[in-house]
Amino acid sequence: MDVETCLKKLGYVGILNFATVDEDGAPQVRNISAIHYEGTDIYFLTARGKSFARQLYRDGRVQISGYTRFKETIRLSGQAFEVPQDEQIKWRDILYKEQPYLENVYPGESKNIDTMFVIKDYTIEYFCLSTRPITREYFAVGNAVLKPKGYIIADKCIGCGKCTRVCPQGAVNKGNPKPFVIRQNNCLQCGNCFENCPVQAIQRL
């Protein structure tokens, strides 16, 4: 898996979930299909008067997720910025050409209420449930920085092997110099090893 393939898969899904946070700190999710992919840059459209636009103006953080028929989740987290005014019409016209239904939503002059946003720096989490063991991968685009997630086995591990027995995906291997290590690309991050370790040697990242 790579960034380009993840973006292609999101394009095939078409309608994606966009999550933001409102002024009260409550999560807000909506379905968006007005999306254009330009290399690794992601352009999308909304109306300036919508709550979605106001949340982006205020904060800018957005998380996008798509789910394929192959049981793959692709989650993208980044910062959205309004496209510069002198580029707005260019990118809007490209999107309207790719998504003709938009003419029914904002016909004629009413499309001037639209505004384009772009995401350039973001992380991607790819998670596939149709493989055994499951597959998990992370990617950083632009200036984005990946933040570790999941669990690791600390030095105080006594080598009892209980984590290997309770892991639903068999994602714990014998290690060196540590007795055991977790294969991060196959870890469900369910916490079963964390809850069952008799000496609390499993640490949450």
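No value in this document is a laboratory result; all are computed from the given coordinates. Please read these numbers as outputs of a predicted model, since none were measured by experiment. Here the Cβ is made from the backbone with ideal geometry for all residues, glycine too, and neighbour counts use every protein chain on show.
Points to keep in mind about this one:
- Within the range 1-67, GluC sites (Glu not before Pro) in DSSP loop having at most 11 other beta-carbon neighbours inside 10 Å: 23
- Computed [θ] at 222 nm, helices only, for the chain once each DSSP H run of length n ≥ 4 contributes -39500 (n - 2.57): -5500 deg cm²/dmol
- Exposure proxy for 75, 132: other Cβ atoms within 10 Å of each Cβ, ordered fewest to most, give 132, 75.
- Sequentially through the range 137-147, phi angles give Karplus couplings (6.51, -1.76, 1.60; θ = phi - 60°) of 9, 10, 9, 10, 10, x, 9, 5, 10, 6, 10 Hz, Gly and Pro residues having no value and appearing as x.
- Centroid-to-centroid separation of the range 90-105 and the range 40-82 [C-alpha atoms, Å]: 18
- Links that overshoot a 30 Å alpha carbon limit, given the list 120/156; 9/97; 8/174; 8/162; 97/149: 120/156; 8/174; 8/162; 97/149
- Gyration tensor verdict on the chain (Cα atoms; rounded if a/c is under 1.5, prolate if a/b is larger than b/c, oblate otherwise): prolate
- Applying the Karplus relation 6.51 cos²θ - 1.76 cosθ + 1.60 with θ = phi - 60° to the range 93-98 yields 3J(HN,Hα) values of 5, 4, 5, 5, 5, 6 Hz, where x marks Gly and Pro.
- Gyration tensor verdict on the range 1-120 (Cα atoms; rounded if a/c is under 1.5, prolate if a/b is larger than b/c, oblate otherwise): oblate
- Mean Cα-pair separation over length for the chain, i.e. relative contact order, pairs under 8 Å, 6 or more apart, %: 17
- Taking the chain, the Cys residues with no second Cys beta-carbon under 4.7 angstrom are 6, 128, 157, 160, 167, 187, 190, 197.
- Listed by chain and number, the aspartates and glutamates whose C-alpha is less than 13 Å from the C-alpha of residue 50, apart from same-chain residues fewer than 8 away, are 22, 114.
- Ranked list, fewest to most other Cβ atoms within 10 Å of each Cβ, for 33, 110, 77: 110, 33, 77
- Only Lys, Arg (+1) and Asp, Glu (-1) charged, at Cβ; the range 151-204 dipole about Cα centre in debye: 100
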